[in-house]
Amino acid sequence: MNVLVLGSGGREHAIVWKLRQSPRINKLYCAPGNGGISAEAECLAVDLKSLDSIVQLATRLNPDITVVGPELPLTLGVVDEFQRRGWPIFGPTRAAAQLESSKSFAKEFMQRHRIPTAHYAICTRKDELKSALAHFHPPIVVKADGLAAGKGVIIASTKDEAQRTAEEMLSGKMLGDAGARVVLEEFLKGEELSFLVLSDGERVVPLVASQDHKRIFDNDQGPNTGGMGAYSTDQVIDSGMRDWLVAHIARPVIAGMKAEGAEYRGILYCGIMMTARGPMVLEFNCRFGDPETQPIMMRMESDLLDAIEASIEGRVSEGDFRWTHEPAVCVVMSSGGYPGAFEAGKLITGIEDADRMYGVKVFHAGTNRRDNACYTSGGRVLGVTARGADLPEAVERAYDAVMKIRFDGMHYRKDIAARGLKHLREKS
């Protein structure tokens, strides 16, 4: 089979790396790809903001399956366009992808289908803010309604800060159209969990759970990012909690979308907060997470292509995934200044040395390759990922690999999987 993957980040590199292991794949393409993906798939130019550009590329390549990595093509309706032409594609339709593209849609959907989530208010005008904020106690979560590349969520420590932030979002100065509506939410305390399931529109099957690290600095300090690292281990949740999340969150979402005429096929990412009141949904994403995909793919032992095909063809079953019990850890190395302004074009050394280590894979996120050398090209640059016999070994291996890599201004968190290690110590 010939397979096309759309995207250019660490998530797409992990998907390409896993797909390449399938004996059924003859030719693997990635558009636009990056410096690391180019070693594992043929990278081709495409404008992911343009449906025409994607359709032209697919017309030329005629892939047997297209896999959509990032959210933007989904919200543009790339799946609808491909389905209209009879081309197999993995991902939800534009209507189904509203679960991610509109936070207000997602909150109202959860309310309709009694899916546990934080209390909220939706504001479209500045004069609505004061009366809405009267119903909240600080800290207050302020969310831009639309897509904002992981930067549309601010935790305000006072009502005044929440008001100012929401006003800035509504003015369009902060995030453009993404902030045309604002969602105010109660701040949930607890531990975050990334829970992904594969759906064929009716059935769902869970992937192994993982935990993301959103803040830029150690101990969850500083501004939110797209994700500075993640880990996956059997200890993140037990089988009873996994079954509860499937029964009370994942299945009701899929059934609710079908009932509302927007059948959901593909990966559903449920961002969960494990609170004292029980698990609550923070957000939905309509695709694999980044950087959670990196450790999840490192743990997958079954054929990813088979699972993707089952989703497209409406035959998802419990047997779609096999996993190793070995934990995996991903440490993101970012450009200095990220998530704010940063400089690109820095020479990266040591990737080959890290990649040669047992149990290690360096996934590229923001890189390009020229003259046989690798350079930075984005905020998040690399996702250094390692498997180990246990979590302490996986953490040590990932950081040993990080130490081999150098580029000017590089930054990474030194406490990825610290919560998992703490839980292990408490149990022993």
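The values are calculated or read from the model by the stated rules, or taken from the named source; none is laboratory data. Bear in mind that the values here come from a model prediction, so they are computed numbers and not experimental data. Glycine also receives a Cβ, built like all others from the backbone with ideal geometry; neighbour counts cover every protein chain displayed. Just so you know, the surface numbers come from the protein's heavy atoms only, side chains and all, with ligands and any DNA or RNA stripped out. Shrake-Rupley method; radii C 1.70, N 1.55, O 1.52, S 1.80 Å.
In table form, for the structure just shown:
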quantity: For the range 130-258: relative contact order, % (alpha-carbon pairs under 8 angstrom, 6 or more apart); calculated: 20
quantity: Too-long pairs where the Cα-Cα distance tops 30 Å, listed order kept, from Lys143/Lys361; Lys173/Lys404; Lys27/Lys361; Lys18/Lys173; Lys130/Lys258; Lys189/Lys414; calculated: Lys143/Lys361; Lys173/Lys404; Lys18/Lys173; Lys130/Lys258
quantity: Distance from the range 337-381 to the range 218-253 (C-alpha centre basis), Å; calculated: 27
quantity: Glu343-Arg164 pseudo-label distance in nm [points 7 Å out on the Cα-to-Cβ vector]; calculated: 3.1
quantity: Distance-filtered residues of the range 387-428 - backbone nitrogen under 20 Å, label point 7 angstrom along Glu301 Cα→Cβ; calculated: 387-395
quantity: Per-q log10 I(q)/I(0), the range 119-251, q = 0.10, 0.19, 0.21 Å⁻¹ (Debye; single scatterer per alpha-carbon; no solvent); calculated: -0.42, -1.10, -1.17
quantity: Long-range tail of P(r) for the range 173-259 (Cα pairs > 14 Å, %); calculated: 74
quantity: Efficiency of FRET between Lys258 and Glu318 - r from beta-carbon atoms, R0 25 angstrom, step 0.05; calculated: 0.80
quantity: FRET E, pair Gln111, Lys427, Förster distance 41 Å, beta-carbon r, rounded to 0.05; calculated: 0.65
quantity: The range 396-428 residues near the modelled His325 label - backbone nitrogen below 18 Å, point 7 Å along Cα→Cβ; calculated: 424-425, 427-428
quantity: Sites Asp408 and Asp218, calculated FRET efficiency, Cβ-Cβ separation with R0 25 Å, nearest 0.05; calculated: 0.75
quantity: Cleavage-rule hits, trypsin sites (Lys or Arg not before Pro), the range 359-428, DSSP coil, Cβ neighbours within 10 Å at most 14; calculated: Lys414
quantity: Relative contact order [Cα under 8 Å, 6+ residues apart], the range 315-422, whole percent; calculated: 36
quantity: Cα pair distances of the range 83-151 binned at 10 Å [whole percent]; calculated: 15, 39, 30, 10, 5, 0
quantity: Heavy-atom accessible surface of the range 53-114: percent carbon and sulfur, 1.4 Å; calculated: 43
quantity: Per-q log10 I(q)/I(0), the range 260-415, q = 0.11 Å⁻¹ (Debye; single scatterer per alpha-carbon; no solvent); calculated: -0.56
quantity: Accessible area per residue in Å² at 1.4 Å probe, computed on the chain; calculated: 41
quantity: Relative contact order (percent, whole number), the chain, Cα cutoff 8 Å, 6+ residue spacing; calculated: 16
